[in-house]
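Trainee: First the structure, which I've put down as structure tokens, then a few questions once you've had a look.
The values are calculated or read from the model by the stated rules, or taken from the named source; none is laboratory data. Computed from a predicted model, the values in this text were never measured in an experiment. Don't worry about glycine lacking a Cβ; one is built from the backbone with ideal geometry, like all the others, and counts go over all protein chains shown.
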């Protein structure tokens, strides 16, 4: 039992003392999950909007596929990305294995369906009266789309936060593609896996507390944005 | 007011992206190594000296020797520090590796609970394995094709026992050495480990290690670590020159002394033996 209490005390120590290996892991985590979140929002937002806004043939099937992709296991994405960016793979020339960029590619694949699906659902639920009102006011198509986007801005924020939460806490891709290299591609989650493997439970719990703290800060600042 | 806040938020995010710098150093070496050199803390202790003396920065990923060799074959790393001499020689014979330099050794030991349910203490290795099998006491295997796992399979074979792959008492963790020792501890079982990782486990437990060394000393239990460079013909992109420098440095009197002085709870973990 002692190690659980020790873990919480250690978490505070690690953060206050500015422990180098902890802070490099925190930084690596923030870098890679921020990039993945932005890329997945950049790609997923237009896709989700198109799917949600327009009616077309096969839309239902597309939604089914999208919902299935929500359940993509991280280890499978990790394996697929690994196979592509290994030196022997089709993208081997780029030398992306064991880099943060490699991890970001995998995490973007992980988060893209999440952003797309959430955006599509929100856009579908826009009040139809809004469009009618806009048309009757003589708004052009571009104006209507812009107003709709503005209307769902908080929904998009939700999509981004959900994506961020998912990539922040994933471990399969970071471990397989990043290789858990100390000071470079070691993220908080892979560090926790390593400490647990080494039987250093207190250190693992400490890093867990750090991760939850980051997630809390991110959510807090976004809810602050939403209130304004 | 609304838009201003949003703008500040977006600007912050952009600043974060800009802060993300691409690290592209030319004098950077990537190594694949085994869990024992990493878990024990040897590399954390040794590599800063290497970086300081040569100006080459070294990154490593720790995995089983089997996967490390595979990473070398695929040219995903530049240099290897591994411990499975037969597999290493095949690796070179197949044209994947170039030089193999022996740098240090320790030995494998069988550890288990103090009450020793299969009564193996002091027996030779083959007898001990036969006892474990006949008494069906839990035995933890790495099961990950690592150097330790390769050696363990060889020991079963030498004892005239086919590897007990599907037996209930034979537990394959698929994880690193320290993790497997934890499993052995939780299940009151036996396992085979290199002495360095065992000492690390003892030091973590602060004198309360429940698993004890029961079988040791057979010459077959020797555990040799070597640095392997990759054949430039197979991997033209691998940094062969830097790899050679690392290999040479590991064999230098300075590094060999550092390895000799590496101790936990007053015990030596690795014994340097570069020629």
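Trainee: What tally of residues in the range B:151-173 results from selecting those that are over 14 Å from residue B:137 (Cβ atoms) and touching a strand residue (DSSP E or B) at 6+ places or on another chain (Cβ under 9 Å)?
Mentor: Within the range B:151-173, residues that are over 14 Å from residue B:137 (Cβ atoms) and touching a strand residue (DSSP E or B) at 6+ places or on another chain (Cβ under 9 Å) number 8.
Trainee: Any idea which of (1) away from chain B (no Cβ under 11 Å); (2) under 19 Å from residue A:21 (Cα atoms) is the one residue A:182 doesn't satisfy?
Mentor: (1)
Trainee: Now, a different point. Taking residue A:106, is it assigned to a helix (DSSP H, G or I), within 14 Å of another protein chain (Cβ to nearest Cβ) and buried (at least 17 other Cβ atoms within 10 Å of the Cβ)? Full working, then the answer.
Mentor: On the way: assigned to a helix (DSSP H, G or I): yes; within 14 Å of another protein chain (Cβ to nearest Cβ): no; buried (at least 17 other Cβ atoms within 10 Å of the Cβ): yes.
So residue A:106 does not fit the description; no.
Trainee: Looking at A:120, A:160, which one is more than 14 Å from every other protein chain (Cβ to nearest Cβ), part of a helix (DSSP H, G or I) and touching a residue at least 60 places away in the same chain (Cβ under 8 Å)? Full working, then the answer.
Mentor: Details: A:160 fails: more than 14 Å from every other protein chain (Cβ to nearest Cβ).
Going through A:120, A:160 in turn, just one is more than 14 Å from every other protein chain (Cβ to nearest Cβ), part of a helix (DSSP H, G or I) and touching a residue at least 60 places away in the same chain (Cβ under 8 Å): A:120.
Trainee: When only residues in the range A:185-205 that are farther than 16 Å from residue A:103 by Cβ and touching a residue at least 60 places away in the same chain (Cβ under 8 Å) count, which is farthest from the other protein chains (Cβ to nearest Cβ)?
Mentor: Applying the filter and picking the extreme gives A:205.
Trainee: If I go through the range B:124-143 residue by residue, how many of them are part of a loop (DSSP other than H, G, I, E, B) and touching a helix residue (DSSP H, G or I) at 6+ places or on another chain (Cβ under 7 Å)? Steps first, answer last, please.
Mentor: If we filter the range B:124-143 for residues that are part of a loop (DSSP other than H, G, I, E, B), which is where we start, we get B:124, B:136-138, B:142-143.
Now restrict to residues that are touching a helix residue (DSSP H, G or I) at 6+ places or on another chain (Cβ under 7 Å): B:138, B:142-143.
Of the residues in the range B:124-143, 3 are part of a loop (DSSP other than H, G, I, E, B) and touching a helix residue (DSSP H, G or I) at 6+ places or on another chain (Cβ under 7 Å).
Trainee: For the range A:21-42, which residues satisfy the criterion of being in contact (Cβ under 8 Å) with a residue 24 or more places away in the chain and surrounded by fewer than 16 Cβ atoms within 10 Å (Cβ to Cβ)?
Mentor: Matches in the range A:21-42: A:21 only.
Trainee: Separate question: What's the number of the only condition in (1) within 14 Å of another protein chain (Cβ to nearest Cβ); (2) touching a helix residue (DSSP H, G or I) at 6+ places or on another chain (Cβ under 7 Å); (3) touching a residue at least 24 places away in the same chain (Cβ under 8 Å); (4) under 15 Å from residue B:111 (Cβ atoms) that residue B:176 fails to meet?
Mentor: Residue B:176 satisfies every listed condition except (4).
Trainee: Given (1) touching a strand residue (DSSP E or B) at 6+ places or on another chain (Cβ under 7 Å); (2) part of a helix (DSSP H, G or I), identify the lone condition not met by residue A:184.
Mentor: All conditions are met except number (2).
Trainee: Tell me which helices (runs of 4 or more DSSP H) are completely within the range B:35-120 and hold 1 or more residues being within 14 Å of chain A (Cβ to nearest Cβ), or say none if there are none. If you could, list the steps in order and put the result at the bottom.
Mentor: Details: elements: B:35-39, B:42-54, B:65-73, B:85-93.
Ranges flagged: B:35-39, B:42-54, B:65-73.
Trainee: All but one of (1) more than 24 Å from residue A:173 (Cα to Cα); (2) touching a residue at least 60 places away in the same chain (Cβ under 8 Å) hold for residue A:79; which doesn't?
Mentor: Single failed check for residue A:79: (1).
Trainee: Looking at the range B:223-238, is at least one residue surrounded by 14 or more Cβ atoms within 10 Å (Cβ to Cβ), at pLDDT below 95, touching a strand residue (DSSP E or B) at 6+ places or on another chain (Cβ under 6 Å) and on the phi < 0 side of the Ramachandran plot?
Mentor: Yes, that holds for at least one residue.
Trainee: Would you mind stating whether residue A:77 is in contact with a helix residue (DSSP H, G or I) (Cβ under 7 Å, 6 or more places away or on another chain) and assigned to a helix (DSSP H, G or I)?
Mentor: On the way: in contact with a helix residue (DSSP H, G or I) (Cβ under 7 Å, 6 or more places away or on another chain): yes; assigned to a helix (DSSP H, G or I): yes.
The answer is yes for residue A:77.
Trainee: Can you tell me which residue is nearest to the other protein chains (Cβ to nearest Cβ) among those in the range A:168-179 that are under 16 Å from the mean Cα position of the chain (by Cα) and in a loop (DSSP other than H, G, I, E, B)?
Mentor: A:171
Trainee: Within the range A:82-93, which residues are touching a helix residue (DSSP H, G or I) at 6+ places or on another chain (Cβ under 7 Å), assigned to a helix (DSSP H, G or I) and without any contact (Cβ under 8 Å) to a residue 40 or more places away in the chain? Explain how you work it out, then say what you get.
Mentor: At the first step, the residues of the range A:82-93 found to be touching a helix residue (DSSP H, G or I) at 6+ places or on another chain (Cβ under 7 Å) are A:82, A:85-86, A:89-92.
This time we only want the ones that are assigned to a helix (DSSP H, G or I), so: A:82, A:85, A:92.
Scanning the range A:82-93 gives a single hit, A:92.
Trainee: Which ones in the range B:122-157 are surrounded by fewer than 14 Cβ atoms within 10 Å (Cβ to Cβ) and within 26 Å of residue B:63 (Cβ to Cβ)?
Mentor: Result: B:157, single match.
Trainee: For the range A:206-228, what are the residues that are over 22 Å from the mean Cα position of the chain (by Cα) and within 10 Å of chain B (Cβ to nearest Cβ)?
Mentor: From the range A:206-228, those over 22 Å from the mean Cα position of the chain (by Cα) are A:206, A:227-228; that's our starting set.
Those that are over 22 Å from the mean Cα position of the chain (by Cα) and within 10 Å of chain B (Cβ to nearest Cβ): A:227, A:228.
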